[in-house]
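Contents: one structure, followed by commentary.
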Amino acid sequence: MKSFKIFIAVLVTIIIVIIGIFVNSASFKRGVVDLKSDLAGGLNREINVYTADGQLIKHFEGKIDIDSEHDGAVKFDYNGKRYIYYNCFVETIGDL
């Protein structure tokens, strides 16, 4: 019985350490921000869309939820309109 209690104590300690490491990781913190953005309909952001030679095409600012597609497109909704940009450089600056 005593060895079982020691086993449980060691197991609980290991689980607490693993959870502590995971919660303090950068990927966990990014996941929290992603979840916050999904639930709130976006984050307050600035989005700049540039051509390949660095010319600014468009600037957006406000509460925006942005999504990157697998084909390289960047998609987001802004003021009731959907924007999709292909083959452009998109800079996003968000308030966390």
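Descriptive notes on the structure:
- Single residue of region 28-59 satisfying the filter (aliphatic (A, V, I, L, M) and not in a strand (DSSP E or B)) that is modelled with the highest pLDDT: Ala52
- Qualifying residue in region 16-27 (condition: more than 16 Å from the chain's Cα centre (by Cα), in a strand (DSSP E or B) and not aliphatic (A, V, I, L, M)): no
- Hits in region 1-15 (condition: aliphatic (A, V, I, L, M) and either assigned to a strand (DSSP E or B) or modelled with pLDDT of 80 or more (or both)): Ile6, Ile8, Ala9, Val10, Leu11, Val12, Ile14, Ile15
The values are calculated or read from the model by the stated rules, or taken from the named source; none is laboratory data. This one's a predicted model, so the numbers in the text were calculated from it and none came from an experiment.
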